[in-house]
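One structure below.
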Amino acid sequence: MTNPARNLVFILILSALAPAFAAAAPVSPRAELKQLVAELQTSPDNRALREKIIKLALTLKPAPAVPEEAERRMARGAAAIEGASSAEGFADAVAEFKLTVNAAPWLAAGYFNLAAAQEKAGRPAEALMSLKLYLLAAPDAKDAEAVRAKVYKLEYAAEKAAKGASPEAQRSKAERESGQGSFSRGAALQGREG
């Protein structure tokens, strides 16, 4: 085979194999982060994916930049909390902070603020999850001990709320309110007096 023919065969083989080599090329951590964040937009409740993003972001030096959309939503969430006077008002803040942590899933402050809004909106189980994500995103946080104590309190509140929502608890509450429980309200009052 002549030199030009050999070169042509070599070029043809390389061009045929080039896509395989390109697919096997490693993806940079920042490109992977961008890809994972895009995936999170289609499934924002995927906790495992969110945790993977946080862990990856912690390895990046410098830390990933916070997108303007996350900053915007954080400010809107703060405004919603400041103006809230009811669970509904705090629900607006929850919505804004959820958009914050969807735009920047590694942003610890977003999870902290989301937890505060969720707790004030009467959602202790959600607040508990958000604080756990905060601790994951900020493993060296100065307030980690206080936040862990808050996690334990929210665990209790979430368990209590779950029990209160059970059919047995609702039936018992209805019986107490109607005076048809194991003893009537009058009997309970008499027992205290006597």
Quick one: of 34/142; 52/132; 34/55; 98/132, which pairs are farther than 18 Å apart, Cα to Cα? 34/142
Could you tell me the calculated FRET efficiency between residue 160 and residue 42, based on Cβ-Cβ distance and R0 = 45 angstrom, to the nearest 0.05? 0.85
Area accessible to solvent at residue 114, 1.4 Å probe radius, in Å²: 10 Å²
Applied in sequence order to region 139-154, the curve 6.51 cos²θ - 1.76 cosθ + 1.60 (Karplus, θ = phi - 60°) yields integer Hz couplings, x standing for Gly and Pro, of x, 9, 4, 5, 9, 4, 5, 5, 5, 4, 4, 5, 4, 5, 5, 5
Karplus-derived 3J(HN,Hα) from phi for region 67-79 (6.51 cos²θ - 1.76 cosθ + 1.60, θ = phi - 60°), whole Hz, x at Gly and Pro, runs x, 4, 4, 5, 4, 4, 5, 5, 5, 5, x, 4, 5
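The values are calculated or read from the model by the stated rules, or taken from the named source; none is laboratory data. Predicted model only: the values in this text are computed from it and were never measured. Because the Cβ atoms are built from the backbone with ideal geometry, glycine has one as well, and the counts that use them run over all protein chains shown. Keep in mind that these areas ignore ligands, DNA and RNA; they rest on the heavy atoms of the full protein, side chains included. Shrake-Rupley method; radii C 1.70, N 1.55, O 1.52, S 1.80 Å.
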